[in-house]
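The values are calculated or read from the model by the stated rules, or taken from the named source; none is laboratory data. None of the values given here were measured: they were computed from a predicted structure. Neighbour counts run over all protein chains shown; Cβ positions are idealised from the backbone, glycine included. The accessibility values were calculated without ligands, DNA or RNA, using every heavy atom of the protein model including side chains. Shrake-Rupley method; radii C 1.70, N 1.55, O 1.52, S 1.80 Å.
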Amino acid sequence: MTENNEGQTSNGNSVIKTSDAARVIVYTGNVMKQANINSFNSGKNNQELVSALTDTLKAYLYTKPMWTFDKVNGILEIPDPFYFDQKLTEDRNEYEITAKLFYLPSSSTSVIEPSPPPQYVAQSIYHLFKVLGINTIDTFIVYFNGLIFNYSDEVDGSSSNDNFTKSDFDNLIKVWTELEKFHVNNRIHKLGVSEFTKNRLESFINAVEISPKVNQINIIDCNNGEILEFAKKNDIELLTHRDPTVILPSKTFRNIIEETNTNKISLNNDLLPRWVLKYSVMIKCRGVVANKGYIVMGSTPNSVSLQYLTLKHQYLTLHLPIIILYY
């Protein structure tokens with residue numbers, strides 16, 4: 001396929017438009033190398049992601065077109081990961097790779113069953129493997145949409161004031177079951193959760209086969225005595241973060257699309273953000289983060305997961321069962 005600066009790809013006698021894509025994957029690349037990195041606020045906000053998404057779409061949709069469109073599955077990748085050099089330059093053992101999957105308010109593609117699709121785990125891992133040229137992740141953390149660390153849950157031992165419902169708990173178990181498969185196959189070394197109180201962790205550990213080894217909580221909650229004691233007793237590493245509750249609201253995503261669309265090239269205005277994967281690559285011997293980026297998946301409301309994408313890429317199928325992604 002060949003791209004042009006009008007959002008079209010010629011494929012034989014047919015012409016494919018970027019606006020036809022019902023599913024879009026955006027790779028921001030290393031945000032630490034972007035020109036406006038100094039403008040990022042270190043506080044709790046999503047400006048880093050918003051700026052990176054905007055810059056990526058502007059750069060690789062029309063300034064220097066570099067994208068690929070899988071017409072069969074309707075998946076548009078920006079930029080084309082096979083020509084977007086983000087591969088590790090040293091031996092894999094020299095790096096510590098951490099990833100965090102954010103489920104969003106718009107994650108569900110079903111009105112009938114508005115639960116977070118477990119297949120987003122495999123999707124996000126697949127795209128991270130592809131862009132970095134890896135087949136293992138050191139730590140993978142999952143953040144369930146809207147979950148916050150609730151002090152009242154710790155104080156009175158009751159979940160009556162907790163925003164984490166029984167339905168939320170059951171849905172997260174389904175997502176966790178997908179993560180466990182990657183751990184069993186030695187593709188993820190440590191599994192983690194985010195914003196879990198002591199009571200949540202106790203219930204969760206009793207319900208899963210593989211317990212989380214990491215609990216990432218907001219930096220303002222890191223001195224909570226209950227969670228510190230419980231984590232130490234159960235060999236759970238506590239990490240802090242400054243991520244917002246909703247890292248990419250639907251309105252923000254659509255504003256980015258509207259801002260970057262032009263008369264010649266555009267994305268579908270109905271795209272909704274489904275998941276965000278935030279990752280970092282640290283050089284172990286120096287303790288320095290060499291690469292930090294985001295992968296975002298968006299799809300239209302009517303893009304129900306009916307098709308199956310079989311992954312046959314060598315870096316995934318070596319010593320691994322074939323992974324099926326539901327898009």
Note on MET32: of the conditions (1) in contact with a helix residue (DSSP H, G or I) (Cβ under 8 Å, 6 or more places away or on another chain); (2) aliphatic (A, V, I, L, M); (3) at pLDDT below 95, unmet is (1)
Cβ-Cβ under 7 Å pairs, at least 6 apart or on other chains, the stretch 75-88 side within 15 Å of VAL24 (Cβ to Cβ) and in a loop (DSSP other than H, G, I, E, B), far side open to solvent by 20 Å² or more (accessible area, probe 1.4 Å) and β-branched (Val, Ile, Thr): ASP80/THR68
Between residues in the stretch 115-130 that are in contact (Cβ under 8 Å) with a residue 24 or more places away in the chain and within 16 Å of GLY192 (Cα to Cα) and residues that are part of a helix (DSSP H, G or I) and open to solvent by 10 Å² or more (accessible area, probe 1.4 Å), which pairs lie under 6 Å by C-beta distance while being six or more apart or on different chains? PRO118/LYS174; PRO118/GLU178; VAL121/GLU178
Looking at the stretch 242-259 only, could you name the residues that are among the aliphatic types (A, V, I, L, M) and either surrounded by fewer than 20 Cβ atoms within 10 Å (Cβ to Cβ) or assigned to a helix (DSSP H, G or I) (or both)? VAL246, ILE256, ILE257
Whichever residue in the stretch 101-117 is among the hydrophobic types (A, V, I, L, M, F, W, C) and part of a loop (DSSP other than H, G, I, E, B) and, among such residues, is modelled with the lowest pLDDT: ILE112
Being assigned to a strand (DSSP E or B) and surrounded by fewer than 22 Cβ atoms within 10 Å (Cβ to Cβ) is the filter; apply it to the stretch 45-74 and report the residue that is modelled with the highest pLDDT. THR68
Just to be sure before I move on: is SER203 hydroxyl-bearing (Ser, Thr, Tyr) and at pLDDT 95 or above in the structure I sent? no
